[in-house]
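Worksheet for the structure shown next.
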Amino acid sequence: MAGGMDLLGLMKDYIVSPDRIVSIKGLDQTIAGADSGIRIGAATKIADLADNVLVRKMYPALATAAESVGTPQIRNMGTVGGNIMQRPRCWYFRNEEFNCLKKGGSRCFAVEGENQFHAIFGDGPCHIVHPSSLAVPVIAYGGKFRVAGPNGSRDIDAGEFFQMPNTNLYGESVLQPNEIVTHVILPAPGQRSAGYEVRFKQSHDWPLAAASVNLVMSGQTVKSARLVMGAVAPVPWRSQAAERVLAGKTITEAIAVEAANAALASAKPMSGNAYKIRVAKTAVKRAVLRAAGVAWS
Ligand SMILES: Cc1cc2nc3c(=O)[nH]c(=O)nc-3n(C[C@H](O)[C@H](O)[C@H](O)COP(=O)(O)OP(=O)(O)OC[C@H]3O[C@@H](n4cnc5c(N)ncnc54)[C@H](O)[C@@H]3O)c2cc1C
Ligand code: SF4
């Protein structure tokens with residue numbers, strides 16, 4: 001347990017019943033420049049991440065995600081490592097009465113049930129969306145997670161850390177039970193980057209859709225782009241189709257719309273969440289325009 005914001009909720013809902021709880025609040029809580037990037041200790045509070053001057057200046061998409069997580073109380077208790085490792089919010093998963101596929105049962109209740117906040121990408125068999133807002137910009141910035149275990153420490157590309165349900169139905173990442181995340185490591189960002197989240201009004205709930213974009217520029221032209229969406233798939237969802245649209249272009253509203261259309265072209269909504277396609281397109285378009293400093297209509 002780090003901040004306990006997720007673990008205690010899971011225990012109160014009888015989803016997990018650990019025999020023993022180990023406090024990992026003593027992990028590194030510092031944020032420091034490393035090479036030309038940054039190293040963030042896993043026990044860093046989300047509030048401290050959001051307020052950090054270096055993060056705000058160099059990694060605005062990460063700052064946007066951090067300052068929007070939950071409420072001030074959650075950001076003051078929740079840690080970066082706990083945010084990355086929090087379990088899915090699917091209401092069937094969180095309800096002890098539903099023994100769904102992810103809990104060892106035989107069916108996914110979201111397929112024929114209430115799926116308005118579920119995935120619009122991925123072929124199941126479980127249709128969660130990944131809950132971590134911070135993971136989205138970390139992948140857009142090409143970050144790594146440093147993990148420690150009995151065999152020492154290793155760095156894992158954040159883009160390869162999270163796993164789809166057809167690879168790992170009962171967990172969400174490659175982290176082994178005897179390993180912990182100790183740091184998030186980000187390389188130098190592109191010259192332009194930004195994030196945008198769409199929420200239900202100004203609620204403290206998780207975003208309906210989010211996007212982070214990181215642009216390497218040559219003057220006004222995009223040399224290369226990394227674009228990742230959140231709350232649309234069981235893992236933070238990178239769109240190379242949108243990245244290809246952006247590469248070699250000067251950002252205008254028309255280009256941002258084209259990138260958003262490309263990002264959502266292969267979405268497969270469930271019975272109750274087709275609205276998310278439009279919401280996610282808005283998130284992509286505004287993240288791209290915000291990164292380029294172009295106002296949107
Ligand atoms: C009302 C509400 C709104 C929220 N809104 C958002 C939101 O908009 N966006 C968002 O991203 N999150 C949101 N959250 C989730 C919140 O950010 C997380 O619950 C919190 O960050 C978890 O951090 P923690 O340190 O409290 O984790 P803990 O509860 O201590 O741990 C969570 C899980 O991660 C594991 N863990 C913790 N640290 C590590 C580590 N270093 N290495 C390996 N495993 C670890 C624990 O074993 C546990 O299984 C919301 C939560 C609530 C209650
Ligand atoms: S989406 Fe996943 S967690 Fe939710 S009911 Fe289906 S199998 Fe369970």
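Of note:
- Cα point-scatterer Debye curve for the stretch 7-186, base-10 log of I(q)/I(0) at q = 0.16 Å⁻¹: -1.06
- Cα centroid separation, the stretch 86-127 to the stretch 238-294 (Å): 26 Å
- Distance between the modelled labels on ALA295 and ARG56, one decimal in nanometres: 2.4 nm (7 Å Cα→Cβ projection).
- Rolling a 1.4 Å probe over the protein heavy atoms gives the stretch 36-127 an accessible area of 43 Å² per residue.
- Rounded accessible area of HIS204 (nearest 10 Å², 1.4 Å probe): 120 Å²
- Both radii are taken from the alpha-carbon atoms of the stretch 192-292; with Rh as the Kirkwood radius, Rg/Rh is 0.97.
- With the gyration tensor restricted to C-alpha atoms of the stretch 23-84, the semi-axes of the equivalent ellipsoid amount to 18, 15, 8 Å, longest first.
- Coil-residue chymotrypsin sites (Phe, Trp or Tyr not before Pro) of the stretch 193-259, DSSP, other Cβ within 10 Å capped at 14: PHE200
- For the chain, carbon and sulfur atoms together expose 51% of the accessible surface, with a 1.4 angstrom probe and every protein chain in place.
- Kyte-Doolittle mean at least 0.0 and Cα axial length at least 24 Å: DSSP H helices in the chain: 275-292
- Take the stretch 214-272 with all the other protein chains still there, run a 1.4 Å probe, and you get 42 Å² of accessible area per residue.
- Prolate/oblate/rounded label for the stretch 168-224 (Cα gyration tensor, a/c 1.5): oblate
- Near ALA34, the amide H atoms lying under 5 Å from its own belong to ARG39; only residues 5 or more places off or on other chains count, and H is placed 1.01 Å from N.
The values are calculated or read from the model by the stated rules, or taken from the named source; none is laboratory data. Computed from a predicted structure; not experimentally measured. Heads up, the Cβs are rebuilt from the backbone with ideal geometry, glycines too, and the neighbour counts pull from every protein chain shown. All accessible areas refer to the heavy atoms of the entire protein, side chains included, with ligands and DNA or RNA removed. Shrake-Rupley method; radii C 1.70, N 1.55, O 1.52, S 1.80 Å.
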